[in-house]
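Notes to accompany the following structure.
The values are calculated or read from the model by the stated rules, or taken from the named source; none is laboratory data. What you see is a predicted model, and the numbers here were worked out from it, not measured in a lab. Here the Cβ positions follow ideal geometry from the backbone for every residue, glycine too, while neighbour counts run over all protein chains shown. Just so you know, the surface numbers come from the protein's heavy atoms only, side chains and all, with ligands and any DNA or RNA stripped out. Shrake-Rupley method; radii C 1.70, N 1.55, O 1.52, S 1.80 Å.
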Amino acid sequence: MLARAVLILLLSAVVHSIYEDQIGLYDWHRQYVGAVEHRVADSRAIVVATKKNILAALHPRTGDIIWRHKFKAEDAVSVEPVVCGDEVVTYHSSNRYRHWDILTGMLNLDTRHHEEPEVLFYASLSYEKMIRVTRSTVYWGKHENLGSSHIDIPAEMNLVGHMKLGVKVEVVLSNSVNGQCKIVHFDGNQDSARVADVQVPWNRGQDIKLVTSEESIAGLQGDSIYYKAIGAESFKVAKLSDIGISWSVNSIESAGKSAYIVAGNQLSAVIAVKDGNVRAVKAIGKDVMGQVVGSDHIVLISISQDVMGQVVGSDHIVLVSRPDNTVSLVQLSNGFEAHSFSLGTAGQGRGHVTSLAALASSHPCSLVTTVRIPGLFLAWEDESITVVGNNETCGWIREESLSSVVSATMLDLPASSFIPVNLHKHTNPIKLWTERVSLQLLDLQKLINLYFGTAVSEVSPEMERDSFNLNKLIFTVSTGGKVHVLHSNTGRIIWSRYLDNISPLSNGQYQVHLVRSASHYPLPALVAVFGTTLDSKKAVLTVLNPLDGSLQYQQEFDSKLAQVQLTSVEDNEFSKILLILTDDKQVHTFPPNLHELVEHIPLYFTLVYPEQMQLKGFVLHGTKAEETWSTHLRGDKVLAVNSKATNDAVYSQGRVLGDRSVLHKYINPNVMAVAVESGSADKGQVDIQLYDMISGTQLYHSRHKQYSGPVHLLVVENWLLYHMWCSKLRRYEVVVVEFFLPSAPNTTDFSSLFPRTPSFSIQQAYIATSPLSAISVTTTLKSITNRAVLFAESSGRIALVPKALLDPRRPTMPTAEDRQEQLIPYTPQLTLSPMSYVTYNKTLQDIRGMITGVTGLESTSLLFAYGTDLYFTRVTPAKTFDMLNEDFDYYLIGLVLLGLLFGTIVTQALAENKALNKKWK
């Protein structure tokens, strides 16, 4: 108890929290749901099930999240949700049925009757009754005892689909061998079902594909179409030429209600089954899509990624055509286009529409024409969600691709346009002097214009760097290739760009490098993004301007990407040279063809080959890389790899002890840590190895038996931190290792070619309270501020842990020298105060990574966390020692200074008079 009390008192000096009225001033939190996989639109809410295993309800007018629930991967929603009165019914891959209140998200019912195969679909018969169809059985009954009544599907029969009209449902079964057809009739007003054999008119010796819409069933065979409306006793047949389709068609797909799309190689057509007859509505091209809008309308769904439609009302259809994203209202009876409008900015740079749904006719985005048409709910290829109507400014947009960010970096904002630009590099001193004088005259002119109020800044004040460099641009890249740039102060999206031709690298991430900053106006800033092509998986380099999103350069390489290294060498336009190593051991540069600028510099690469369990080192020779060393990693799987950040500043080379002696740090900028797992999960082991990337020397090796992953690594200055699972003791542990030299080094310059192997290391383990999803460390401008480690817990919180709490030298019995050094007594449990959590009462969903950035204030570091949610805040590990408090009394200090100045003047005059009088005596 005494040790814990001392620990709390010591930590109270380093923990920093915020007051309630400061929430939202320096931080922001953005919630997302992910790419839409299933959706159902209602007048009260739009319920979506996403690829992030999230079930959520969106407000139909604003797009805000009303409620959301996260499920495990084995418990995700697997079938389209169904709205039954005030509830939303969902079926999950764990064979569970859940009933949710559509307005509050409260769970009203959770049932699992028995183990069963995958559910193909389920539908509502009435407010109390439902129908569920699996591959072998059809169930129906009330919600609480669904499954008490059932019909077995014969083994030779396959499910075609179902039709629904009011409380009547028909399930269609077909024998693909002999063409026989059975229909199971359900009526919500009755407790029994009826099975009927249907006579089929098609040739049973030929293949036929049957599809169902909500109110009919149809099939295509040769040049004839076969169809049957719900409730009809038999099929009817019609020649395609008789309904106006003169070209060859080869497929048919359901479009919901009583509509279908038949497609050929060149043209497609919308057809409708109505009043017992079939008719062609309109011929459409291969770049048209659409879907039904409204309550009692016909749905047209795509037969491919190029054809979609949606019918509105009893006699209208909405078609969305690409690539211009034009929405057309077409009359079903005669194919006349009654209304047309463009999606405008809502559809720019988003790819094609992947899903359409209808909102209620009372929605403010309804298309008000001769027919009342609700707004359109659109899910796009770039994972965004929009609601639009006939007015392109109406509706809302949700950029759900931000829920799948895999790479991010922070960039400085450009300085004010009134600050003179950087001088170009000239070897001629006369040209250099001339350019400097001209820039100073230009700056003087801008200053005069600013004084008289006639100056016009070339950038908005929001896009200008502040005095302390606290505001940044956050450059993010999502899994699907969507690039966003956010403003760190508000989280607002500055611009976005969809790169539809790239995908992540083999590690699931993109490599992002700042090639040229915004400090070299009028030259544009450059950010390089490395990915792979969608088809061939070859390396692709895309260079963007982070200020406006314009494409500056793009190149596709002949092989896969091995590694990218950003050098400190600049060309004559201030662009740092990127060295790009591909799998064929060819070295490329960006900007292109600048090998001569780096030929005189020895450049090294280190590659990890997880499949071969090898590490290899290479050195650059011209345009090729030569292998210098190789080592085999003993184990079954590489769990994690981490190396020092290139901008890792070190303020002190040593550590002063309580007896005034110094422990000299082992500072090696070329170290890389590798975590390797071998054996089973319960009886396996984890090896942590530290290598010099230049020489291949193994600097450290630690073996942990009966441990397993996941492992999170962090290499900073002279210490290594890793987090893993102890299967023997059933707990998570954090291990910290620090490396020191036996004596002071002769020089501060380090060379891996003449290594100084650390003579000893100090390590300590701590019991972690929860599993982690990511770790990071605070960074400041000069690294004077004590560092703190950021733990992103799987529960959705981020803890700021001072490095002093993770010191491997924490003693069990502190001595006088330990107390002089302010070492915290050792306790096995890593106890964290509630005030250590920088997210305070917020819960972030699925944190995948964190990045930190420096500011102009040494005390302050910036934190950006990304996952399903985004979170940004400022962290101060040692409090704001270089800033005045918010309640600082400026008026009082001003009065004191004026008083001191007045007193100085008065006393000086009195002193002079006294000295003068003394001389006259």
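Conditions first: (1) closer than 19 Å to Val715 by Cβ; (2) surrounded by fewer than 20 Cβ atoms within 10 Å (Cβ to Cβ). Leu753 passes all but one, so which condition is the exception?
In the conditions (1) closer than 19 Å to Val715 by Cβ; (2) surrounded by fewer than 20 Cβ atoms within 10 Å (Cβ to Cβ), Leu753 misses (1) alone.
Quick grid of which residues meet (1) open to solvent by less than 20 Å² (accessible area, probe 1.4 Å); (2) at pLDDT below 75; (3) in contact with a strand residue (DSSP E or B) (Cβ under 9 Å, 6 or more places away or on another chain):
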| position | (1), (2), (3) |
| --- | --- |
| Ser148 | no, yes, yes |
| Asn175 | yes, yes, yes |
| Gln180 | no, yes, yes |
| Val184 | yes, no, yes |
| Lys209 | no, yes, yes |
| Glu214 | no, yes, yes |
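Take region 382-393 and flag every residue that is more than 12 Å from Pro60 (Cα to Cα) and either at pLDDT below 65 or out of contact with any Ser or Thr (no Cβ under 8 Å at 6 or more places or on another chain) (or both). Even if it seems obvious, please write down each step before you answer.
Filtering region 382-393 down to residues more than 12 Å from Pro60 (Cα to Cα) leaves 382-384, 389-393.
Within region 382-393, Gly389, Asn390, Asn391, Glu392, Thr393 qualify.
Identify all residues within region 195-210 that are in contact (Cβ under 8 Å) with a residue 40 or more places away in the chain and either part of a loop (DSSP other than H, G, I, E, B) or closer than 14 Å to Lys182 by Cα (or both); write none if there are none.
Listed by number, the residues that qualify are Val195, Leu210.
Out of everything in region 856-881 that is out of contact with any strand residue (DSSP E or B) (no Cβ under 6 Å at 6 or more places or on another chain) and polar (S, T, N, Q), what residue ends up being surrounded by the fewest Cβ atoms within 10 Å (Cβ to Cβ)?
By that ranking, first place goes to Thr880.
Being touching a residue at least 12 places away in the same chain (Cβ under 8 Å) and of a type outside the set (A, V, I, L, M, F, W, C) is the filter; apply it to region 596-610 and report the residue that is least open to solvent (accessible area, probe 1.4 Å). Break it down stepwise before answering.
Our first condition is that a residue be touching a residue at least 12 places away in the same chain (Cβ under 8 Å); within region 596-610, this holds for 597-599, 601-608, 610.
Those left that are additionally of a type outside the set (A, V, I, L, M, F, W, C): 599, 602, 604, 606, 610.
On the way: Glu599: 122, Pro602: 89, Tyr604: 57, Thr606: 16, Pro610: 67 Å².
Among residues in region 596-610 that are touching a residue at least 12 places away in the same chain (Cβ under 8 Å) and of a type outside the set (A, V, I, L, M, F, W, C), the one least open to solvent (accessible area, probe 1.4 Å) is Thr606.
Can you pull out every residue in region 824-838 that is open to solvent by 50 Å² or more (accessible area, probe 1.4 Å) and assigned to a helix (DSSP H, G or I)?
Pro834, Met835, listed by residue number.
Could you list, in sequence order, all residues of region 766-823 that are among the basic types (Lys, Arg) and open to solvent by less than 20 Å² (accessible area, probe 1.4 Å)?
Keep residues of region 766-823 that are among the basic types (Lys, Arg), which gives 782, 787, 797, 803, 809-810, 819.
Arg810 - this is the single residue of region 766-823 that is among the basic types (Lys, Arg) and open to solvent by less than 20 Å² (accessible area, probe 1.4 Å).
Looking only at residues that are of a type outside the set (A, V, I, L, M, F, W, C) and not in a loop (DSSP other than H, G, I, E, B) in region 239-271, which one is modelled with the highest pLDDT? Write out each step before concluding.
To start, the set of residues in region 239-271 that are of a type outside the set (A, V, I, L, M, F, W, C) comprises 239, 241-242, 244, 246, 248, 250-251, 253-254, 256-258, 260, 264-266, 268.
Checking which are not in a loop (DSSP other than H, G, I, E, B) leaves us with 239, 241-242, 251, 253-254, 260, 268.
On the way: Lys239: 84, Ser241: 78, Asp242: 78, Ser251: 77, Glu253: 74, Ser254: 71, Tyr260: 76, Ser268: 73.
Among those residues, the one meeting the criterion is Lys239.
Between a residue in region 884-909 that is farther than 30 Å from Ser859 by Cβ and in contact (Cβ under 8 Å) with a residue 60 or more places away in the chain and any residue that is in a helix (DSSP H, G or I) and of a type in the set (Val, Ile, Thr), which pairs come within a Cβ distance under 7 Å, given they are 6 or more apart or on different chains?
Filtered contacts from region 884-909: no entries.
Of all the strands (runs of 3 or more DSSP E) wholly in region 463-541, which have at least 3 residues that are within 30 Å of Tyr609 (Cβ to Cβ) and open to solvent by 20 Å² or more (accessible area, probe 1.4 Å)?
Numbers: elements: 472-478, 482-487, 493-498, 511-516, 526-533.
Of the strands (runs of 3 or more DSSP E) lying wholly inside region 463-541, those with at least 3 residues that are within 30 Å of Tyr609 (Cβ to Cβ) and open to solvent by 20 Å² or more (accessible area, probe 1.4 Å) span 511-516.
Filter region 693-706 for residues that are assigned to a strand (DSSP E or B) and either of a type in the set (D, E, K, R) or buried (at least 19 other Cβ atoms within 10 Å of the Cβ) (or both) and give the result.
Once the filter is applied, which keeps residues that are assigned to a strand (DSSP E or B) and either of a type in the set (D, E, K, R) or buried (at least 19 other Cβ atoms within 10 Å of the Cβ) (or both), region 693-706 yields Leu699, Arg703, His704, Lys705.
Scanning region 570-606 for residues that are over 32 Å from the mean Cα position of the chain (by Cα), of a type in the set (A, V, I, L, M) and under 21 Å from Leu523 (Cα atoms), which turns out modelled with the highest pLDDT?
So, considering only residues that are over 32 Å from the mean Cα position of the chain (by Cα), of a type in the set (A, V, I, L, M) and under 21 Å from Leu523 (Cα atoms), the one modelled with the highest pLDDT is Leu594.
Inspect all residues belonging to region 707-725 and state whether any of them is more than 31 Å from the chain's Cα centre (by Cα) and either aromatic (Phe, Trp, Tyr) or open to solvent by less than 20 Å² (accessible area, probe 1.4 Å) (or both). If you could, list the steps in order and put the result at the bottom.
Taking region 707-725 as the starting set, the residues that turn out to be more than 31 Å from the chain's Cα centre (by Cα) are 718.
In the following step, the residues that additionally are either aromatic (Phe, Trp, Tyr) or open to solvent by less than 20 Å² (accessible area, probe 1.4 Å) (or both) were identified as 718.
Looking for residues that are more than 31 Å from the chain's Cα centre (by Cα) and either aromatic (Phe, Trp, Tyr) or open to solvent by less than 20 Å² (accessible area, probe 1.4 Å) (or both), one finds at least one in region 707-725, hence yes.
Name the residue, out of Phe590, Phe574, that is among the aromatic types (Phe, Trp, Tyr), crowded, with 16+ Cβ neighbours inside 10 Å and closer than 26 Å to Lys537 by Cα. Steps first, please.
Values: Phe574 fails: closer than 26 Å to Lys537 by Cα.
Of Phe590, Phe574, the one residue that is among the aromatic types (Phe, Trp, Tyr), crowded, with 16+ Cβ neighbours inside 10 Å and closer than 26 Å to Lys537 by Cα is Phe590.
Taking interchain pairs and intrachain pairs at least six residues apart, which have beta carbon atoms under 9 angstrom, with the first residue in region 799-821 and more than 18 Å from Glu738 (Cβ to Cβ) and at pLDDT below 90 and the second of a type in the set (Asp, Glu) and open to solvent by 10 Å² or more (accessible area, probe 1.4 Å)?
Gln820/Asp659
In region 36-59, what residues are open to solvent by less than 10 Å² (accessible area, probe 1.4 Å) and assigned to a loop (DSSP other than H, G, I, E, B)? Walk me through it before giving the result.
Taking region 36-59 as the starting set, the residues that turn out to be open to solvent by less than 10 Å² (accessible area, probe 1.4 Å) are 45-50, 54-58.
Answer for region 36-59, where residues must be open to solvent by less than 10 Å² (accessible area, probe 1.4 Å) and assigned to a loop (DSSP other than H, G, I, E, B): just Ala45.
Among the residues of region 653-669, are any farther than 21 Å from Ser759 by Cα, touching a residue at least 40 places away in the same chain (Cβ under 8 Å), in contact with a helix residue (DSSP H, G or I) (Cβ under 8 Å, 6 or more places away or on another chain) and open to solvent by less than 30 Å² (accessible area, probe 1.4 Å)?
Yes.
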